[in-house]
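The values are calculated or read from the model by the stated rules, or taken from the named source; none is laboratory data. Just so you know, these numbers come straight off a predicted model, no measurement behind them. A quick note on method: Cβ atoms are made from the backbone with ideal geometry, for glycine too, and the neighbour counts reach across all protein chains shown.
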Amino acid sequence: MNNNQAIIDMLRADMRDEHAAIVQYLQHAYALGESGEACEIEGIARDEMRHLDWLAEAIVDLGGDPDMKRGVVDLEGAGPIDWMARDVAAEERAISQYEQHLAAIDDPKIKRLLERILSDERAHHGDFEALSDELAAEGDHPPTVLEARTANDASPAVLDVLQTGVEHEYTVILQYLYHNFVMPDCEVGRELEMQAINEMQHMGWLSEEIADLTGHPRMEHSRLELKGSPAEMLQADIKAEKAVERVYTRQIDELDDEDLKVLIARIRDHETYHAAVFEDLLEHVESSGEAGTQSDEPVRTDESKPPESQQRFTVGSLMKK
């Protein structure tokens, strides 16, 4: 198959499933707490993040629009062993889909990329099977329905601060990554990507706080501002940062927990920095004459390296590493 739109449609489906896998695996890692198994699962989630990035780059190279929607996240199961079984099943679905797409696509560059991703997915399948065996050998895993976990020991005000923060961070991660994918100026795109990585770290900190309270972080995002010219995208990003800076400032004044105040203040200061960076980027695109370039058919100018060889985001840390 050499039809670009058909290939783009398949890669967009793959993006949705990678997105779902990231969220599913991170939820399981947070629920397991501080453990070797949690660190291994986080590492697998980072692999899926790289896959998402590569797929988006390939879609843009083909003249398509990356898909920031999410596939099905399976958070059912009665505890860690059941969660691993569901992660094994997710990898089996991914392997099957990538094999089908490889059989249908003739483009050598796309086939090379999908073969690379498929290699990871096969390894992940074995990793989750091994993790299941490890958890079974440890024993003493009381039944826990992840979706039903609530932070019973946390005040509603504290939980609201944390959950609101997770929602914001998840939203801007997706928004900044999309703007990076479609931004005509690659230097601007890379800077957007770096700020998205920092937001991933924030989401990890906040989610861990919820998990430490025996709660379940809700990874749902609010409205994404995706389309527009480079200037319009950056204006939307500045607006998002300034809005959350005000929210975090208000929350700091309302909190009694000193450790949480310190964490929220640190995140708030990062958001202030992000807004200033985006204002500099906006000034740059306006002065370079690219401010009005529309992104409905996104084109990136840097084609010096194939997606699989680029040093793209590794997430740094979602769990304080």
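Filtered by the rule that a residue be more than 23 Å from Tyr273 (Cα to Cα) and not in a helix (DSSP H, G or I), region 211-227 gives Leu213, Thr214, Gly215, His216, Pro217, Arg218, Met219, Glu220, Lys227. Among the conditions (1) modelled with pLDDT under 95; (2) more than 20 Å from the chain's Cα centre (by Cα), the only one that Ile105 does not satisfy is (1). Of the residues making up region 202-210, none is touching a Leu at 6+ places or on another chain (Cβ under 7 Å) and closer than 14 Å to Phe278 by Cα.
Inside region 207-237, can you point out the residues that are surrounded by fewer than 22 Cβ atoms within 10 Å (Cβ to Cβ), touching a residue at least 60 places away in the same chain (Cβ under 8 Å) and within 15 Å of the chain's Cα centre (by Cα)? The answer is Met219, Leu224. Scanning region 15-40 for residues that are over 18 Å from Tyr170 (Cβ atoms) and either surrounded by 24 or more Cβ atoms within 10 Å (Cβ to Cβ) or in the same structural domain as His216 (by TED's automatic domain parsing) (or both) yields nothing.
Of the residues Ala123, Ala90, the single one that is in a helix (DSSP H, G or I) and surrounded by 17 or more Cβ atoms within 10 Å (Cβ to Cβ) is Ala90.
Name the residue, out of Leu135, Leu131, Leu102, that is out of contact with any Ser or Thr (no Cβ under 7 Å at 6 or more places or on another chain), in the same structural domain as Glu40 (by TED's automatic domain parsing) and closer than 18 Å to Asp47 by Cα. Please lay out each step first, then the result.
Details: Leu135 fails: closer than 18 Å to Asp47 by Cα; Leu102 fails: closer than 18 Å to Asp47 by Cα.
Criteria check complete, one pass: Leu131.
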